[in-house]
Ligand code: MFK
């Protein structure tokens with residue numbers, strides 16, 4: 001009998017092993033902060049490949065459970081989580097994942113550095129990154145609209161001390177409205193001078209958080225409400241009362257999801273939940289939308305991180321597994337598949353970090369910035385490209401996860417190889433925070449409202465003018481041709497009216513995604529001046545695999 005046993009894929013230090021991230025940091029981060037940052041990322045790269053991943057594995061194999069009653073029949077609705085999950089809370093605080101975005105110690109580079117850490121953390125976090133996304137979003141909302149009474153809460157959300165650090169939920173979705181939030185049925189009533197919420201929230205991650213941001217429809221003394229999204233207001237909710245019991249909330253059940261099994265997602269009934277109004281009455285959707293730039297960017301960073309994880313495992317495995325007399329990476333079909341995945345991954349990485357850079361520059365605005373854009377322009381580009389980035393990176397990750405799973409053959413279909421969990425989990429990226437269709441329509445909304453296409457064209461043209469290395473010329477010219485062709489196409493579709501525009505929105509979003517990721521990549525190759533021929537060989541705007 002054969003004594004042969006295949007060696008499985010393995011993970012190295014996740015920063016040291018990531019040539020792309022290392023050269024990006026080298027290129028982008030100024031010398032005075034680089035040393036500190038690189039040391040921190042190296043240390044964290046080791047931590048996520050070992051002990052942090054073990055916490056995630058533990059949390060995944062011991063999913064949360066809901067205990068609704070105590071031994072004596074009293075309703076307690078306690079969600080019991082694995083110690084791995086609580087350890088991931090500690091790691092998130094210690095590593096300052098949210099804090100980095102608000103402390104702004106590294107000025108306009110703060111978001112880039114924060115997202116580099118999130119990118120290392122996510123694939124070893126069992127989706128603890130989800131509460132972190134909502135926490136960062138809530139901090140943003142409080143920063144923009146919160147009064148002084150929420151200052152302490154803001155300090156909790158942005159703390160680096162595990163004992164002080166809070167996470168936040170985001171309670172939007174209801175049975176009557178998922179994508180279409182305007183159908184929200186939860187009511188807010190003022191009772192004895194205090195707001196109380198009544199209704200059912202259908203998807204709430206993660207119920208183990210300390211607070212949440214919720215949408216509700218204000219009902220006046222006569223029982224009248226304003227219909228549609230203009231009737232919705234934003235509320236701050238603390239999940240527990242001072243005595244530790246729930247704030248008039250019943251946990252109806254935990255969702256039995258396809259993936260993200262460690263993440264406790266619950267259905268809640270609000271039965272007079274005490275709340276505080278945030279911002280202006282009737283502006284809830286507009287206000288909560290301003291956190292979409294944060295949460296959708298988190299979605300993009302975490303989806304490219306997940307894409308990288310399956311890609312490095314597939315590459316490592318291909319260098320070990322022999323079939324038909326050679327390791328499989330030496331077979332032309334496998335090597336072309338991996339090459340193609342790598343090319344798409346590079347495009348997604350550069351697109352994501354371009355938006356992180358724009359976001360950082362918008363938040364810590366300096367008149368003279370690397371992008372040559374004023375604050376209003378930075379804002380408009382973010383508004384237009386964030387939904388595109390989210391849908392583009394999510395879809396690429398979902399498609400490539402399925403494709404790369406095949407590299408492992410049957411082993412990729414077996415639970416304890418650690419691959420199926422990626423397949424299940426990654427599917428969520430294109431659903432939550434807006435599906436591909438909803439985000440395509442969001443792009444149209446932004447294009448129409450801000451007339452931002454000409455602004456994007458001029459930004460991309462300016463960036464392309466700076467690309468002058470000989471070996472980048474062919475791909476630069478392709479980008480210029482595509483830019484002109486897209487402008488003509490968008491003009492034609494505009495003239496055909498709203499129905500044609502809606503029907504084309506998805507194609508438009510993916511074409512913009514291809515183009516911007518290509519330009520972002522060229523920009524990076526130009527400015528790191530390493531003349532990294534190997535990386536440039538991957539670059540081919542029109543050579544990407546179509547699924
Ligand atoms: C690991 C990473 C994890 C990531 C986090 C995961 C946790 C997620 C948990 C969840 O909560 S998932 C559920 C998330 N739900 C959504 O993302 C909702 C998707 N639906 C939409 O985005 C719809 O487009 C929307 C609800 C916004 C449509 O509602 P309306 O009321 O029809 O929107 P309308 O009238 O177009 O816009 C209302 C206001 O918001 C307008 O402002 P004005 O009143 O000043 O005109 C819009 O300009 C503004 N707005 C809408 N979308 C915006 C926006 N502003 C900025 N950015 C946007 N994207």
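The values are calculated or read from the model by the stated rules, or taken from the named source; none is laboratory data. Computed from a predicted model, the values in this text were never measured in an experiment. Note: ideal-geometry Cβ built from the backbone for every residue, glycine included; neighbour counts use all protein chains shown.
Details
- Filter pass, residue 407 being in the same structural domain as residue 439 (by TED's automatic domain parsing) and under 21 Å from the mean Cα position of the chain (by Cα): no
- Evaluation of residue 251 against (1) part of a loop (DSSP other than H, G, I, E, B); (2) in contact with a strand residue (DSSP E or B) (Cβ under 8 Å, 6 or more places away or on another chain); (3) under 15 Å from residue 79 (Cα atoms) (one fails), failing number: (1)
- Residues satisfying the criterion are absent from segment 354-372 (criterion: in a helix (DSSP H, G or I) and without any contact (Cβ under 8 Å) to a residue 12 or more places away in the chain).
- Yes/no for residue 16 being surrounded by fewer than 17 Cβ atoms within 10 Å (Cβ to Cβ), in contact with a helix residue (DSSP H, G or I) (Cβ under 7 Å, 6 or more places away or on another chain) and assigned to a helix (DSSP H, G or I): no
- Scanning segment 296-327 for residues that are away from the ligand (no atom under 14 Å from the Cβ) and touching a residue at least 12 places away in the same chain (Cβ under 8 Å) gives 308, 310, 311, 312, 313, 314, 315, 316, 317, 318, 320, 321.
This table checks each residue for (1) outside the structural domain of residue 346 (by TED's automatic domain parsing); (2) under 23 Å from residue 316 (Cβ atoms); (3) modelled with pLDDT under 95.
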site	(1), (2), (3)
4	yes, yes, yes
45	yes, yes, no
51	yes, yes, no
87	yes, no, no
100	yes, no, no
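- Residue list for segment 227-236, restricted to those being within 14 Å of the ligand (Cβ to nearest atom) and within 28 Å of residue 127 (Cα to Cα): 234
- Applying the criterion of at least 1 residues that are more than 16 Å from the ligand (Cβ to nearest atom) and surrounded by 20 or more Cβ atoms within 10 Å (Cβ to Cβ) to the helices (runs of 4 or more DSSP H) found wholly in segment 429-497 leaves 453-465, 473-496.
- Single condition residue 256 does not satisfy, out of (1) outside any loop (DSSP other than H, G, I, E, B); (2) outside the structural domain of residue 415 (by TED's automatic domain parsing); (3) more than 14 Å from the ligand (Cβ to nearest atom): (1)
- Residue 263 being surrounded by 15 or more Cβ atoms within 10 Å (Cβ to Cβ), touching a residue at least 24 places away in the same chain (Cβ under 8 Å) and in a strand (DSSP E or B): no
- Helices (runs of 4 or more DSSP H) fully within segment 85-165 counting 2 or more residues that are surrounded by fewer than 18 Cβ atoms within 10 Å (Cβ to Cβ) and at negative phi: 129-145, 151-157
- Verdict on residue 283 being surrounded by fewer than 24 Cβ atoms within 10 Å (Cβ to Cβ) and in contact with a helix residue (DSSP H, G or I) (Cβ under 9 Å, 6 or more places away or on another chain): yes
- Exactly one residue out of 263, 270 is in contact with a strand residue (DSSP E or B) (Cβ under 8 Å, 6 or more places away or on another chain) and away from the ligand (no atom under 12 Å from the Cβ): that is 270.
- Taking (1) closer than 27 Å to residue 137 by Cα; (2) buried (at least 16 other Cβ atoms within 10 Å of the Cβ); (3) out of contact with any helix residue (DSSP H, G or I) (no Cβ under 7 Å at 6 or more places or on another chain) in turn, residue 22 satisfies each apart from (1).
- Set 352, 401, 386: member being closer than 30 Å to residue 320 by Cα and within 16 Å of the ligand (Cβ to nearest atom): 401
- The requirement of being farther than 22 Å from residue 291 by Cα and modelled with pLDDT of 95 or more is fulfilled nowhere in segment 226-235; no residue meets it.
- Selected residue [touching a strand residue (DSSP E or B) at 6+ places or on another chain (Cβ under 7 Å), within 16 Å of the ligand (Cβ to nearest atom) and at pLDDT 95 or above] from 132, 157, 150: 157
- Looking across segment 192-219, the residues that are under 22 Å from residue 150 (Cα atoms) and surrounded by fewer than 19 Cβ atoms within 10 Å (Cβ to Cβ) come down to 192, 193, 194, 210.
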